[in-house]
1. In the list 12, 31, which residue meets the criterion of being surrounded by fewer than 13 Cβ atoms within 10 Å (Cβ to Cβ) and at pLDDT below 85?
2. Need pairs with beta-carbon distance below 8 Å; first residue closer than 11 Å to residue 119 by Cα and within region 141-152, second assigned to a loop (DSSP other than H, G, I, E, B) and β-branched (Val, Ile, Thr); sequence gap 6+ or separate chains.
3. Tell me, please, whether a residue that is buried (at least 16 other Cβ atoms within 10 Å of the Cβ) and either more than 30 Å from residue 231 (Cβ to Cβ) or at pLDDT 85 or above (or both) can be found in region 49-56.
4. Among the residues of region 143-159, write down those that are out of contact with any helix residue (DSSP H, G or I) (no Cβ under 8 Å at 6 or more places or on another chain) and not aliphatic (A, V, I, L, M).
5. Considering only region 130-140, state which residues are assigned to a loop (DSSP other than H, G, I, E, B) and open to solvent by less than 50 Å² (accessible area, probe 1.4 Å).
6. Exactly one of these conditions fails for residue 92: (1) at pLDDT below 85; (2) of a type in the set (A, V, I, L, M, F, W, C); (3) surrounded by fewer than 13 Cβ atoms within 10 Å (Cβ to Cβ); (4) within 25 Å of the chain's Cα centre (by Cα). Give me its number.
7. Step by step: first the residues of region 159-196, then only those that are over 17 Å from the mean Cα position of the chain (by Cα) and of a type in the set (A, V, I, L, M, F, W, C), then the one that is least open to solvent (accessible area, probe 1.4 Å). Which residue is that?
8. Would you confirm, using the coordinates I've provided, whether residue 101 is surrounded by 13 or more Cβ atoms within 10 Å (Cβ to Cβ), modelled with pLDDT under 80 and either outside any helix (DSSP H, G or I) or of a type in the set (Ser, Thr, Tyr) (or both)?
Amino acid sequence: MPQMDGIAALPRLLEASPESRVIMASAFTLRNAKISMQALALGASDYIAKPLATEPNSRETFNEELRSKIEVWAAAGKTRRRAKPQVAPAVAAMPQSAVMPPAHLPVQALAIASSTGGPQALLTVLGALKNRLSRVPVFITQHMPATFTTALAEQLSRASGRPCAEPRDGEDVRPGHIYLAPGDFHMLAAREDNRTVLRLTQGAPVNFCRPSADPMLESLSRMYGAGLLTAVLTGMGQDGLELSLIHI
């Protein structure tokens, strides 16, 4: 657009139509990934990477992913419109054991899985927890391509006030640090020489995803057992669902 780019237009669109859902399209470059993260911080609901002419079937993949995201956000809008305005009693009625670990089992690590709509949710959650993350490591799998996860890690670090980065293969796990699975790599925890380290693999996609939440959650469960607190924030598909239910 010659007089106004998408970042400038986005707040005006949402001001004019607060119920609108904006999906940002950006290319696979770090600069454009940072622009996508900026758009999400300004209120965009989701992002999608533009197809690359050098990759076979990239346009078909783009079209399918865009269609799926539109369907997810459209369904979410219908759910909100049908929802009753007061939901607090239903939440309050849930047994305490269903939403938090028993008091005698302190949390040793936090694992978060998120997909469609995840970046906004992650910024909100980690921003709210910034004063409570100094004693435990945080592990995150967000369905995102490479370069986008790099930009997201920078935003999460600013929001939480904690170090957040894509880990190196073999890196030691440290309390108070946030580890974000890099795009196109599964992130796994392992015990080596009395140390907990992170391993990055490019094994087969799980639940059609790489990174996938399931391998991360499975490995963390072996490391921390009942001391692992797991949260599945958002999603499209089944990644993270089964193992989270088993852990609960």
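1. 31
2. If the second residue must be assigned to a loop (DSSP other than H, G, I, E, B) and β-branched (Val, Ile, Thr), the pairs left are 143/116.
3. Checking region 49-56: at least one residue is buried (at least 16 other Cβ atoms within 10 Å of the Cβ) and either more than 30 Å from residue 231 (Cβ to Cβ) or at pLDDT 85 or above (or both).
4. Of everything in region 143-159, those that are out of contact with any helix residue (DSSP H, G or I) (no Cβ under 8 Å at 6 or more places or on another chain) and not aliphatic (A, V, I, L, M) turn out to be 145, 149, 157, 158.
5. Within region 130-140, 133, 136, 137 meet the criteria.
6. (4)
7. Here the answer is 189.
8. yes
The values are calculated or read from the model by the stated rules, or taken from the named source; none is laboratory data. Worth saying up front: this structure is predicted, and the values here are computed from it rather than measured. Every residue, glycine as well, gets a Cβ built from its backbone with ideal geometry; the counts of neighbours run over all protein chains shown. With ligands, DNA and RNA removed, areas are computed over all heavy atoms of the protein, side chains included. Shrake-Rupley method; radii C 1.70, N 1.55, O 1.52, S 1.80 Å.
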